[in-house]
Amino acid sequence: MPGPTPLPVVIWYDGACPLCRAVRAGLARRDRTGALCFVDFRDPAQGPLPLSPAAHEAALVVREPGGAVTTGFAAVRAVLARLPRWRRLAPLLGSFPLDRLGSAAYRLAARHRRLLVPGGCECAAHSRGAGS
């Protein structure tokens, strides 16, 4: 008899951001086990956020099954750890020096995410210069 189904990782993403929506769609395609639960942090019907709206605009926010909330590159690693074909990569990305390099690359990409969207992105968060 199989054990209980593990709780999903909750991923708060920016539903107003084309890049964030594209990443969400890519992750959903790779999530064959239902390990990820996606929440648009801009949707007021979703209830209270674990962090401030500004924190959600600045970085990916994830709640792991045990309740820990992580952001940025640590959140990326938490997500990868739940995807079967990617889970072996997560611990490696958490080791020195990849943890530092990954965090720096994440911050750079988040700060300039509007430039990563083909044709640019004019959503409110990017117009103000916020990153995710």
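Per-structure values
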read-out: Which listed residue, of Ala35, Ala25, is crowded, with 17+ Cβ neighbours inside 10 Å, among the small types (Gly, Ala, Ser) and modelled with pLDDT of 95 or more; value: Ala35
read-out: Complete set of residues in the range 21-75 that are among the charged types (D, E, K, R), over 27 Å from Arg100 (Cβ atoms) and not in a helix (DSSP H, G or I); value: Asp31, Arg32, Asp40, Arg42, Asp43
read-out: For Ile11: the one exception among (1) under 24 Å from Gly94 (Cβ atoms); (2) assigned to a helix (DSSP H, G or I); value: (2)
read-out: Residues that are hydrophobic (A, V, I, L, M, F, W, C), surrounded by fewer than 17 Cβ atoms within 10 Å (Cβ to Cβ) and in a helix (DSSP H, G or I), drawn from the range 76-91; value: Leu89, Ala90
read-out: Whichever residue in the range 92-118 is among the charged types (D, E, K, R) and surrounded by 16 or more Cβ atoms within 10 Å (Cβ to Cβ) and, among such residues, is farthest from Arg29 (Cα to Cα); value: Arg114
read-out: Lone unmet requirement of (1) crowded, with 20+ Cβ neighbours inside 10 Å; (2) β-branched (Val, Ile, Thr); (3) at pLDDT below 95 for Val62; value: (3)
read-out: Filter result for Arg100 (over 15 Å from Asp14 (Cβ atoms), outside any loop (DSSP other than H, G, I, E, B), over 14 Å from the mean Cα position of the chain (by Cα) and at pLDDT 95 or above); value: yes
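One line per residue, one yes/no per condition, for (1) farther than 20 Å from Ala105 by Cβ; (2) polar (S, T, N, Q):
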site	(1), (2)
Asp40	yes, no
Pro50	yes, no
Ala59	no, no
Thr71	no, yes
Pro84	yes, no
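The values are calculated or read from the model by the stated rules, or taken from the named source; none is laboratory data. Not measured: the values here are computed from a predicted model. When we count neighbours, we look across all protein chains shown, and the Cβ atoms used for this are built from the backbone with ideal geometry, even at glycine.
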